[in-house]
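Please treat every number below as a calculation from the coordinates, not as lab data. Everything numeric here is computed off the predicted structure, so don't read it as measured data. Methodologically, a virtual Cβ is constructed for each residue, glycine included, from the backbone with ideal geometry; neighbour enumeration extends over all protein chains shown.
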Amino acid sequence: MKKIIIANWKMNPASMQEAKRLFDAVKNTEAIICPPFVYLSVFKYKFLGAQDCHWEQSGPYTGEVSPKMLRDLGVKYVIIGHSERRALGETEEIVEKKLKAALKAGLTPIFCVGEKKGENARKVINKQLRGNLKGVIIAYEPVWAIGTGDFCSPEKAKQIREFIKKKFNNKVLYGGSVNSKIAKDYTKVGFDGLLVGGASLNAKEFKKIIKNA
Ligand code: PGA
């Protein structure tokens, strides 16, 4: 089965010119590309995703972008509940509202869950995975593994994947310091794909990840 590979560019690259260059280098793959909002409207691509959205479809929310706006642009996916958003104050309630709104607008949410260093992964994930998750892609992203180079061992990640799969029939991805050397170790233990941050900013490395996964 084909694996789902997602590029989360986060707040990168810093200019439209660089963004276009990176996009041109990866647009012939079937990876889901999630650039910052400001670049979304210039990229014509079948597998375009956003990194966040609001829980309302329109209204007095200065600085926000609604799922409906994204859908209207041709965006198909949206990352929800990323730990870097949660760190800015997003609660489980907010995340749940965003999931609902994204689904309502016709977007496929990529729902990030995972424990912080020292926390019990199963306990945390149990709390995070709630509401109606039909049509949602789940990404297991241990927070301590994001952007640190300290990836979660495929063996350990596999146990969490199985824990999630016992309750939910959804596709489950792994994310957290993925690189081309370890990419296939996660798909080998059953993950349906990968959520890639840092390494997705290097087109060559990202394409290697796609190939190896
Ligand atoms: P990373 O980020 O690959 O740089 O660890 C993953 C993510 O935040 O989705």
Spatial separation of Cα centroids for region 149-204 and region 97-115, in angstrom: 19
10 Å binning of all Cα-Cα separations within region 72-114, expressed as whole percents from 0 upward: 30, 53, 17, 0
Cross-link table LYS46/LYS158; LYS97/LYS134; LYS68/LYS167; LYS116/LYS211, entries beyond 21 Å C-alpha to C-alpha: LYS46/LYS158; LYS68/LYS167; LYS116/LYS211
Sum of side-chain charges, LYS27 neighbourhood, beta-carbon under 12 Å (Lys, Arg +1; Asp, Glu -1): +3
Dipole-positive endmost among ASN212, GLY197, GLY175 within region 154-213 (Cβ charges, Cα centre): ASN212
Relative contact order %, region 60-213, counting alpha carbon pairs below 8 Å whose residues are six or more apart: 17
Relative contact order (%) - criterion: Cα under 8 Å, at least six apart; region: region 147-197: 44
Overall dimensions of the chain as given by Cα atoms, namely Rg and Dmax in Å: 16.0, 46
Approximate spin-label separation THR148-PHE168, in nm, with each point projected 7 Å along Cα-to-Cβ: 2.2
Whole-number percent relative contact order across region 72-111, with pairs defined as alpha carbons under 8 Å at least 6 apart: 61
